[in-house]
Amino acid sequence: MNPDSTNATFRFSPRPNSARAIPWRAWSAEAFAEAQDRNRPVLLCITTAWSQWSHLMDERAYSDDSVQYLINTDFVPVRVDAAARPDIDRRYNRGGWPTTAFLTPEGELMAGATYIPVQDMRDFLVELAQEYRQNRDAIREKLGALEEKRREAEAAEKSTDGVLTPAIPAESMAFITGAFDRVNGGLGDAPKFTHTEALRFALEWCQHTLDYDLAALVKHSLDIMALSNLFDRAEGVFFRFANDAQWENPERECTLEENAALVSLYMEAAHVFREESFMQTGACVLQFMHQKLRDATSGAFYGGFFAPQEYYLLPAEERAGFGESCIDPVIHAKENALAAQALLDAYRTTGSAEYCDQAVAILGHLWERMWDAERGIARNWDGDCDPVEACDPVEVGDQVGVAYDWGWLPDQTAAARAFVQAYETTGAREYLDRAQAVADHILRVHHDPATGGFWDSVPAFTAVPLGLLGQRQEVLADTAAAAELLIRLWRLTNNERYRTIAQNALANYAVSFRHFAHFGALYGQAVDRLLRPPTRIVVVGPHDSAAAQALFQQALRIHTPAQVTQWLDPERDADLLETHGITLEDTTPVARVFSGTDAVAQAAKPAELAAIFEQVESTGE
C-alpha cells in the first residue's frame with residue numbers, strides 16, 4: 001500500500017481518557033528503526049473508531065499510569081487504524097478490536113490478544129519485556145521456524161489440480177444449510193454474526209433449485225434479525241454482531257460495510273419473497289447511512305459510527321445532543337463500493353431514482369478522486385487533498401491529511417463490481433469501461449500467473465514491508481470475489497480470458513474450500529456462477545430511443561438469480577454486438593432473452609418482455 005501511509009493524528013475514545021499520553025508512532029520505517037536501535041519490542045495497537053472495546057482500552061489500560069510507564073520504558077508503541085490499513089489488520093489481528101500485539105523490532109509477531117484489563121496489561125508488559133531481554137535470540141529462532149511451517153501450510157492449502165464441478169457449490173450450500181439456527185435464525189452460535197454472504201448465496205440457490213425449505217430458513221433469518229435487538233429501529237441501523245444466539249445482546253458496533261451488505265440482502269429478498277417489510281428495512285438503513293455517515297461534499301460515506309449503550313437507551317429525539325459518539329471520518333473504497341451497490345439494489349427494488357443518483361455520485365468519487373491508472377483504487381480518501389495528486393501526508397492547516405493507501409485487492413474488486421452493477425443498471429457504457437480498467441489493473445498487479453491466484457496487496461506500493469506485512473497473501477474470499485468479477489465481465493463481454501483466469505483461480509481451492517465450511521460461501525457462489533448459465537436480457541436499441549428505454553426499464557423490473565442485464569446501442573456498442581454474435585434484422589429496438597449464450601425469446605414491447613417471465617414463473621420452466 002502507499003508509502004508513508006499512516007495518519008499521525010490518531011483517534012481515541014470520545015469519552016475522558018489519557019491514552020494520548022502514550023507517545024504513539026505511526027506504522028513507519030522510523031518506528032521500527034527506533035525499536036531496533038533501542039533494542040525494544042514493538043507494542044502494536046490495532047483499533048477502530050467504531051469499536052466499543054477499543055474505546056474501553058483507551059479509557060482503562062492505556063490511561064493507567066503504570067501501563068503508560070511500562071510502555072514508555074520498555075516498548076515502542078505503534079497505533080494503527082484497522083479500517084485505514086486492512087493489510088496490517090489482516091496479518092496481525094488477534095481475533096477482534098482492539099488487537100494488542102507484541103512484535104520484534106523486525107515486525108515478527110511474538111504474542112497478542114484483544115482487549116486486556118488493566119492488571120493483566122501490567123503483568124503482560126512486565127513479562128514480555130523481561131522475556132524479550134533474556135531470550136531475544138531464541139524468540140527470533142522460534143518465530144523463524146513457525147513462519148516456515150506457516151508457509152508450508154499455506155502452500156498445501158491450494159491445489160492447482162482441482163476440478164470444478166456442480167458438486168462444489170452443492171457441498172458449499174450443504175455447509176450453509178447445516179449451520180442455520182432454525183429457532184433463532186441466522187447461522188452458527190454465539191457470538192453470532194449476520195453472515196450476509198452465506199444468506200445471499202442461499203437466497204440465490206433456493207431460486208435455482210426451488211428449495212422451499214431453504215427459502216423458509218432464509219426468510220426466517222431475515223425476519224428475526226430485523227425484529228431483534230441486532231437492529232436498532234430508532235436509528236435504523238444493524239449492529240455488527242450479537243454476543244448471544246438469540247440476538248438479544250448486540251455488540252453496538254455500526255459499520256458502513258455491514259449495513260451496506262445488509263441493504264443489498266434485504267432489497268434482494270424483497271424481490272424474491274415480495275415482502276414489503278424487507279424493502280422498508282433496507283430503506284431505513286439507507287436513511288441512517290444518509291443522515292449519520294454521508295459526506296456532504298463528495299456524496300460518499302464515512303466508515304462507521306460509535307455510540308455507547310446509554311445512547312441507544314434514549315428515545316430517538318433525545319439522541320442528537322449526545323456528546324460521546326464519534327464517526328470514522330474517512331472514506332474507504334471497498335465500503336463505498338458496497339454502498340453504491342446497495343443503492344443500486346434499492347433503485348431496482350423501489351424504482352426511486354434518488355437511490356440511483358446517490359450511487360452514481362459515489363462511483364464518480366471513486367473514479368475521479370480515488371483511481372490512478374498505475375496504482376488502482378486508493379484505500380482511503382479524506383476530503384482535503386487528492387490521492388491521485390499526492391500520496392504522502394499533506395499539511396492542511398494544523399492538521400495532517402490522511403495518507404492514501406494503495407494496492408489492497410478487496411478495494412479493487414469491490415469497486416470494479418460496483419461499476420459493473422452500475423453498467424447493468426443504467427446502461428451507460430462508461431461504467432463497463434471503468435470496470436474493465438480496474439479488472440485489467442487487478443490482472444496486471446495482483447494476479448499470480450504461477451499459481452493462478454490473487455495477491456491481496458502489492459509490495460511495490462508498500463514502503464514498510466516489515467514482518468508479516470512483507471508477505472503477500474492469497475485468501476479464499478479475495479480469490480472468490482475477484483473470480484466472480486471476472487465471470488461477470490466474461491458474461492458481459494464474451495472475453496474468454498476473463499473466464500479462463502477465473503476458472504483457474506477457483507480450481508486452486510477445489511479441495512481445500514471444505515476447511516472453510518459456511519465461511520466459504522463466496523467461493524461456492526462463484527463456482528456456481530461459473531458453471532450455471534444465467535438468464536441474460538439484452539436490450540438492443542439506440543440510447544436516445546424511448547422504445548429502447550422502456551424495454552430496458554422493464555428488464556430492470558425482472559428478477560432472476562444472477563441475472564445479466566445489458567443495453568447495447570448499435571452505434572456505440574458495435575464491438576459487443578459482434579462478440580456476442582448478435583445480428584440486427586432492422587432498427588427496431590428489441591429485448592433478447594438468453595439462457596447463457598442460447599437465445600430463447602425476444603420482445604419488442606415491455607409488456608411482451610414481462611409476459612415471457614410471467615410464463616416462466618407460472619410454469620417453473
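The values are calculated or read from the model by the stated rules, or taken from the named source; none is laboratory data. As the structure is a prediction and not an experimental result, all values here were calculated from the model. We place every Cβ from the backbone using ideal geometry, glycine too, and count neighbours over all the protein chains shown. Keep in mind that these areas ignore ligands, DNA and RNA; they rest on the heavy atoms of the full protein, side chains included. Shrake-Rupley method; radii C 1.70, N 1.55, O 1.52, S 1.80 Å.
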>> If the only charges are +1 at each Lys and Arg Cβ and -1 at each Asp and Glu Cβ, what is the size of the charge dipole of segment 314-365 around the Cα centre, to the nearest 20 debye?
In response: 240
> Going by the alpha-carbon gyration tensor, a ≥ b ≥ c the square roots of its eigenvalues, is segment 226-309 rounded (a/c under 1.5) or, if a/c is not under 1.5, prolate (a/b greater than b/c) versus oblate?
Replying inline: oblate
> Where does the charge balance sit around Ile71 when Lys and Arg score +1, Asp and Glu -1, over other residues with C-beta under 15 Å from its C-beta?
Replying inline: -1
> What part of the accessible area of the chain, given as a whole %, is carbon or sulfur when the probe is 1.4 angstrom?
Replying inline: 50
> When Lys and Arg each count +1 and Asp and Glu each count -1, what net charge do the other residues less than 13 Å away from Ala607, Cβ to Cβ, add up to?
Replying inline: 0
> Taking Cα pairs under 8 Å and at least six residues apart, what relative contact order does segment 169-306 come out at, in percent?
Replying inline: 20
>> I need the shape label for the chain. Rule: rounded when a/c is under 1.5, else prolate if a/b > b/c, else oblate, with a, b, c from the alpha carbon gyration tensor.
In response: prolate
> Helix 118-157 sits at what angle to the longest principal axis of the chain, using alpha carbons and giving 0 to 90 degrees rounded to 10?
Replying inline: 40
>> At R0 = 56 Å, how high is the FRET efficiency between Leu210 and Arg15 if r is their beta carbon distance? Nearest 0.05 is fine.
In response: 0.60
> How much area per residue is accessible in the chain when the probe is 1.4 Å and only protein heavy atoms are counted (Å²)?
Replying inline: 39
> Want the number for Gln291 to Val163: 0.36 nm per residue separation, take away the alpha-carbon distance, what's left?
Replying inline: 41.3 nm
> Rank Asp295, Asp586 by accessible area, highest first, at a 1.4 Å probe radius?
Replying inline: Asp586, Asp295
>> Counting only helical runs of four or more DSSP H residues, what would the 222 nm mean residue ellipticity of the chain come to if each run contributes -39,500 (n - 2.57) and the total is spread over all its residues?
In response: -15500 deg cm²/dmol
> For the chain, what relative contact order do you get, as a whole percent, if you take Cα pairs closer than 8 Å and at least 6 residues apart?
Replying inline: 14
> Accessible area, 1.4 Å probe, largest first: how do Asp372, Asp65 sort?
Replying inline: Asp65, Asp372
> What number comes out for the charge environment of Gln119, summing +1 per Lys or Arg and -1 per Asp or Glu over other residues with Cβ under 12 Å away?
Replying inline: -1
> If you place +1 on the Cβ of every Lys and Arg, -1 on the Cβ of every Asp and Glu, and leave all else neutral, what size is the dipole of segment 228-311 about its Cα centre, to the nearest 20 Debye?
Replying inline: 240
>> I'd like the distance between the alpha-carbon centres of segment 66-118 and segment 557-610, rounded to an integer number of Å.
In response: 54
>> Quick check: with the 1.4 Å probe, what order do Cys254, Cys326 take by accessible area, largest first?
In response: Cys326, Cys254
>> At 7 Å along Cα-to-Cβ for each site, give me the label-to-label distance between Ala547 and Ala450 in nm.
In response: 5.8
> Taking the Cα atoms only, what angle lies between the long axis of helix 606-619 and the longest principal axis of the chain, rounded to 10 degrees?
Replying inline: 80
>> For Arg20, what accessible surface area do you get with a 1.4 Å probe? Give it in Å², rounded to 10.
In response: 150
> Where does helix 196-209 land angle-wise versus the long Cα axis of the chain, in degrees 0 to 90, nearest 10?
Replying inline: 20
> Please identify the GluC sites (Glu not before Pro) of segment 564-608 that satisfy two criteria: DSSP loop assignment and at most 15 other Cβ atoms within 10 Å. Which are they?
Replying inline: Glu571, Glu585
> If you average the sequence gap of Cα pairs under 8 Å that are 6 or more apart and divide by the length of segment 467-573, what percent do you get for the contact order?
Replying inline: 25
